[in-house]
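Every number in this text was worked out from the coordinates using simple rules, so none of it is lab data. Because the structure is predicted, anything quoted here is derived from the model rather than measured. With ideal geometry, Cβ positions are generated from the backbone for all residues, glycine too; neighbour counts draw on all protein chains shown.
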Amino acid sequence: MLKFRLLCLIWVTLICNNAFTTPPALAASPAEPINIVVTIPVLKDLAEQVGGPYVRVTSLLSGYENEHTYAPKPSDLIAVRKAKLLFEVGIGLEVWISALVKNAGSSSLRVVTTSKGIALLRDRPEHDGAAHAADTNERGNPHVWMDPENATTMMRHITEALIRADPTHATEYRANQASYLRKLDQLRGELNDRLTRLADRRFISHHPAWPYFARRFGFQVVGTIQPQSGSEPSALHLHSLITKIKKDRIKVVVSEIQLSQKIPELLAKETGARVVVLTTLPGGLPHTETYLDMLRYNVLQLANALDAA
């Protein structure tokens, strides 16, 4: 009997202890990635390189559209409303973004202009008898990311914005930035090595997207089909280009996958120059999925065309 009572007492004690013991705290779920919207794929790649698993990035443009004339979709409005950060190039590139942000009406959204601090190049309108000066971008040419040195500045703005939004992972963000910039420097060295044996570096461009690229890699833009982004050339301007290509023996016309190939092909037919289709946005062509891929593709394709022409 005594043994039975002792067993009952032990059993009751165990039940009481279990009843009043606080259950262990559930493991904290990992924080949700930061929702980020960017205007163009270049910024998506840079943001993902820095942010890694801590960011969820949506690019409004996929790589096939014209960044100047893009028309936002209803899904873009939803994406902006959900975002904590929005990265833009600025300098008048995305003329459509301010209305989109305003219509989204998100008081918590922070817009970051990634071109701040970059020394801008001025467009030089090619006159054909019409007055183009009033139509040019007085702030400077907005295609700054085409120079990897400028892309470095843009990435630093992205890193600073991520650290401000999520200081917990500041160390990872800085480390990711440093790792990426080392890869970018290595690629620049490889491309410069390829270009050392290139003699003729002149080309005609389709629209004014290439001054930063040309300056960085030592190419020379000697004419442009579109006097400024989004404008169509006059017959007089095209005649002037054809004359120049023939007279100066220009070998290559650089077009872009985001633009119509009709006029570049016309110039090639009239002059014998070769059309090379490049891309100003990652993803526009096969093997250009990232910024580094795009940079490599553009430099090598152009150099090979100039060598072969």
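The table that follows gives values for the structure above.
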read-out	value
D (Stokes-Einstein, µm²/s), Kirkwood Cα radius, the chain, 1.567 mPa s at 4 °C	58 µm²/s
Dipole magnitude of the chain, debye to nearest 20 (Cβ charges: Lys/Arg +1, Asp/Glu -1, about Cα centre)	640 debye
Added length on full extension, which subtracts the Cα-Cα distance from 0.36 nm per residue, Ala178 to Glu289	37.9 nm
With at most 16 other Cβ atoms within 10 Å, longest stretch of the chain clear of loop GluC sites (Glu not before Pro) (DSSP)	139-288
Residues Trp145, Trp96, Trp210 arranged by fewest to most Cβ contacts within 10 Å	Trp96, Trp210, Trp145
Cα radius of gyration and Dmax for the range 198-308 (Å)	13.2, 39
Cβ-based charge dipole, the chain, positive-most Cα from Ala209, Thr153, Val275	Thr153
Coil-residue trypsin sites (Lys or Arg not before Pro) of the range 137-209, DSSP, other Cβ within 10 Å capped at 14	Arg139, Arg197
Count of lysine pairs in the chain with Cα separation under 30 Å (8 or more residues apart, or interchain)	26
Loop-located trypsin sites (Lys or Arg not before Pro) in the range 212-276 whose Cβ has at most 13 other Cβ within 10 Å (DSSP)	Arg249
